[in-house]
């Protein structure tokens, strides 16, 4: 991390809050209230909460600002994980005595649909002295300060890396404290990043494409754990993209006899019926099985498009295999998984900006 750059911005931040003490006190009060609310949800209280209480617990997260229909997200979390399991794992993530590395990895392995932004925000509110809030804005801030080895995508953020990021955030908190910020917690670090490091040049970098000639990451099928995380992240983000585009999205759904796909986008066209687009994410396993599954999905007349999502190398391999499959050649589309991640980030930013305007009342 560039310490001189950090010191420069901390000094500028101190000047800002000194000249606008009302805003600073409001921010400080908001931090205290949010921390108090989430800390009040003990392990016992979490495991006994109702579905309505879960909705209130989740919907107040900043990570939920990208969603206009917050109930859709909470309902999907319950459907994908079961209500009992979700409550139990939330209690373990936030209050278990195991190391944060183990708690993080366990939750990521056991719970679908709740990524690092939600997880880290909950942890930061409950343990503001120990756990960093990690999201797109935090990435921008850390990257600007010259922190090396940052996780660009969710699958790169395991428990060990999250612990490292929290330790880095503590260095920022230490500098804030040294310059006179009274409540220099890691939650206060998030406010510093938000207010001081989110200028236009920084924000533009997150959507900047890699230079021509840079090697696009290829999935290592031999690394089973990472392959699974990539698979699940892409599956969930495909569903989110579809939802933001106005489709009804589902994951791991049976679309025809013998065909269960990773994600679908579904639309109803007047009284004419349904249109379904089916997606299969390939990170490991048999390509022949992938093609057979997609071919069977076409037995459902509503399936109008089938898409294989994988890395650049596997796309070419799958394309060659598909060329010899009668009924599949010419119908199968391909999508590089890195582009899916980029599209998700762009749509996430758009939805967050629009929902901040509050044009549409929150639905129930």
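Residue by residue, here is whether (1) within 18 Å of residue 73 (Cβ to Cβ); (2) modelled with pLDDT of 85 or more holds:
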{"position": "311", "(1), (2)": "no, yes"}
{"position": "318", "(1), (2)": "no, yes"}
{"position": "329", "(1), (2)": "no, no"}
{"position": "332", "(1), (2)": "no, yes"}
{"position": "342", "(1), (2)": "no, yes"}
{"position": "347", "(1), (2)": "yes, yes"}
{"position": "351", "(1), (2)": "yes, no"}
{"position": "356", "(1), (2)": "yes, no"}
{"position": "362", "(1), (2)": "yes, no"}
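Filtering segment 65-77 down to residues that are surrounded by fewer than 18 Cβ atoms within 10 Å (Cβ to Cβ) and part of a helix (DSSP H, G or I), which residue is modelled with the highest pLDDT?
Restricting to residues being surrounded by fewer than 18 Cβ atoms within 10 Å (Cβ to Cβ) and part of a helix (DSSP H, G or I), the top hit is 75.
Of everything in segment 81-91, what is surrounded by 18 or more Cβ atoms within 10 Å (Cβ to Cβ) and either at pLDDT below 95 or not in a helix (DSSP H, G or I) (or both)? Give them in sequence order.
Of all residues in segment 81-91, those surrounded by 18 or more Cβ atoms within 10 Å (Cβ to Cβ) come to 81, 86-87, 89-91.
Correct list: 81 only.
Can residue 54 be described as modelled with pLDDT of 95 or more, within 21 Å of the chain's Cα centre (by Cα) and farther than 27 Å from residue 188 by Cα?
Details: modelled with pLDDT of 95 or more: yes; within 21 Å of the chain's Cα centre (by Cα): yes; farther than 27 Å from residue 188 by Cα: no.
Against the criterion (modelled with pLDDT of 95 or more, within 21 Å of the chain's Cα centre (by Cα) and farther than 27 Å from residue 188 by Cα), residue 54 does not qualify.
Can you say whether residue 267 is within 19 Å of residue 77 (Cβ to Cβ), modelled with pLDDT of 60 or more and outside any loop (DSSP other than H, G, I, E, B), as far as the supplied structure shows? Steps first, please.
Working: within 19 Å of residue 77 (Cβ to Cβ): no; modelled with pLDDT of 60 or more: yes; outside any loop (DSSP other than H, G, I, E, B): yes.
Against the criterion (within 19 Å of residue 77 (Cβ to Cβ), modelled with pLDDT of 60 or more and outside any loop (DSSP other than H, G, I, E, B)), residue 267 does not qualify.
Please find, among 61, 46, the residue that is assigned by TED's automatic domain parsing to the domain that holds residue 197 and farther than 23 Å from residue 136 by Cα. Walk me through how you get there before you give the answer.
Details: 61 fails: farther than 23 Å from residue 136 by Cα.
Among 61, 46, only 46 is assigned by TED's automatic domain parsing to the domain that holds residue 197 and farther than 23 Å from residue 136 by Cα.
On the given criteria, is residue 94 out of contact with any strand residue (DSSP E or B) (no Cβ under 9 Å at 6 or more places or on another chain), modelled with pLDDT under 95 and either closer than 29 Å to residue 242 by Cβ or in a helix (DSSP H, G or I) (or both)?
Details: out of contact with any strand residue (DSSP E or B) (no Cβ under 9 Å at 6 or more places or on another chain): yes; modelled with pLDDT under 95: no; either closer than 29 Å to residue 242 by Cβ or in a helix (DSSP H, G or I) (or both): yes.
So residue 94 fails the test.
Helices (runs of 4 or more DSSP H) wholly in segment 101-195 with at least 1 residues that are more than 26 Å from residue 229 (Cβ to Cβ), modelled with pLDDT under 95 and in the same structural domain as residue 86 (by TED's automatic domain parsing) - which ones? Show your work before the answer.
Details: elements: 116-126, 136-144, 159-178.
In segment 101-195, the matching helices (runs of 4 or more DSSP H) lie at 136-144, 159-178.
For segment 7-44, give me the residue count where each residue is assigned to a helix (DSSP H, G or I), under 27 Å from the mean Cα position of the chain (by Cα) and surrounded by 12 or more Cβ atoms within 10 Å (Cβ to Cβ).
Residues flagged as assigned to a helix (DSSP H, G or I), under 27 Å from the mean Cα position of the chain (by Cα) and surrounded by 12 or more Cβ atoms within 10 Å (Cβ to Cβ) within segment 7-44 amount to 11.
Since residue 4 meets every condition but one in (1) free of Cβ contacts under 8 Å to residues at least 60 places away in the same chain; (2) surrounded by 12 or more Cβ atoms within 10 Å (Cβ to Cβ); (3) under 30 Å from residue 178 (Cα atoms), which condition does it not meet?
(2)
It is to be established whether one or more residues within segment 297-304 are surrounded by 21 or more Cβ atoms within 10 Å (Cβ to Cβ) and not in a helix (DSSP H, G or I). Spell out how you get there, then give the answer.
Of segment 297-304, the ones surrounded by 21 or more Cβ atoms within 10 Å (Cβ to Cβ) are 297, 303.
If we keep only those that are not in a helix (DSSP H, G or I) as well, we get 303.
Checked segment 297-304: at least one residue is surrounded by 21 or more Cβ atoms within 10 Å (Cβ to Cβ) and not in a helix (DSSP H, G or I).
If you go through segment 327-342, how many residues are in contact with a helix residue (DSSP H, G or I) (Cβ under 9 Å, 6 or more places away or on another chain), over 17 Å from residue 277 (Cα atoms) and surrounded by fewer than 17 Cβ atoms within 10 Å (Cβ to Cβ)?
Count: 0.
Applying the selection to segment 305-320, what residues are surrounded by fewer than 17 Cβ atoms within 10 Å (Cβ to Cβ) and touching a helix residue (DSSP H, G or I) at 6+ places or on another chain (Cβ under 9 Å)?
312, 317, listed by residue number.
The values are calculated or read from the model by the stated rules, or taken from the named source; none is laboratory data. Bear in mind the structure is a predicted one, so any value in this text is a computation, not a measurement. Methodologically, a virtual Cβ is constructed for each residue, glycine included, from the backbone with ideal geometry; neighbour enumeration extends over all protein chains shown.
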